[in-house]
Amino acid sequence: MAAAEGAAMIELNDLTVRFGGVTALDAVSARFKAPVSGIIGPNGAGKTTTMNVISGFLRAQGSISAFGTDIARLAPHRRSQWGLRRSFQREQLADDLSVADNLQVILDALPGTAQEKRADLAQALEVTGLAARAQQLAGGLNTFERRLTDVARCLIGRPRLVMFDEPAGGLTQDETHRLGTLIAQVHGLTGALVLLIDHDVDLIQRLCSETLVLDFGRRIAFGETRAVLADPAVQAAYLGIEEAG
């Protein structure tokens, strides 16, 4: 898993998405430079919509620059080949395939020699602690093992941008801590920048150097995570604390 090349920055400029009369994203801009950055906000704030736009699943006005590449011009499969990886709130695993084969189907669509791909797959399984489960069918995995498999899928094929959408949902406190430790290693292992959506504020504080806060599709704060979470507007929107005055 080689380090990503180019300027390590993800830049969103005036992203706007409308569904009929509803504005899901309203001119959202942010420049992510940290190894791990958070995107938070109440339900319906536009967090997953933002990830879907970056992934190419939704069209938006505005632009997306990643490592110096205008990825908004790329079809979704081209973004994957470029190095975009993501997980979803519900794991996208084929239950009738083994853990290893769930990774292999991604590698099959990417450039590289067979030897490079075998080494890449083996490292992802080792890093995530799934080497002993490599030949087990995904349908027999527990929730935590499925999440680990999702992370492993994001580590292969030389990723540049990895996005996690509520990866800690349904996990115990100990599992969340272990998953967080793994997510914190992604940049060092691959050079990729990580965007993380999660409702667990402790996890966001632990992992994310900077955080974007959305509410009703609008950016209400962006910056150093501790300062953002102390912002009265953020506390009012996200944490349910009323602003003074």
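The values are calculated or read from the model by the stated rules, or taken from the named source; none is laboratory data. This is a predicted model, so every value here is computed, not measured. Note that we place each Cβ from the backbone using ideal geometry, even for glycine, and neighbour counts take in every protein chain shown.
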>> Show me the strands (runs of 3 or more DSSP E) entirely contained within segment 180-237 in which 2 or more residues are under 27 Å from Arg79 (Cβ atoms) and β-branched (Val, Ile, Thr).
In response: 193-197, 210-215
> If we scan segment 223-235, do we find a residue that is at pLDDT 95 or above, on the phi > 0 side of the Ramachandran plot and touching an Asp or Glu at 6+ places or on another chain (Cβ under 9 Å)?
Replying inline: yes
> Taking segment 164-219 only, how many residues are in contact (Cβ under 8 Å) with a residue 60 or more places away in the chain, hydroxyl-bearing (Ser, Thr, Tyr) and in contact with a Phe, Trp or Tyr (Cβ under 9 Å, 6 or more places away or on another chain)?
Replying inline: 1
>> I'd like the full set of residues that are on the phi < 0 side of the Ramachandran plot and assigned to a loop (DSSP other than H, G, I, E, B), limited to segment 112-128.
In response: Thr113, Thr128
> Quick check: is even one residue across segment 88-111 assigned to a loop (DSSP other than H, G, I, E, B) and basic (Lys, Arg)?
Replying inline: yes
> Here are some conditions: (1) out of contact with any Cys (no Cβ under 9 Å at 6 or more places or on another chain); (2) basic (Lys, Arg); (3) closer than 30 Å to Leu137 by Cβ. Arg18 meets all but one. Which one does it not meet?
Replying inline: (3)
>> Just to be sure I understand the filter: pairs with C-beta atoms under 8 Å, separated by 6 or more residues or on different chains, first member in segment 83-94 and on the phi < 0 side of the Ramachandran plot, second member of a type in the set (Gly, Ala, Ser). Which pairs pass?
In response: Leu84/Ser55; Leu84/Ala66; Arg85/Gly157; Arg85/Ala192; Arg86/Ser55; Gln89/Gly169; Leu93/Ala138; Ala94/Ala138
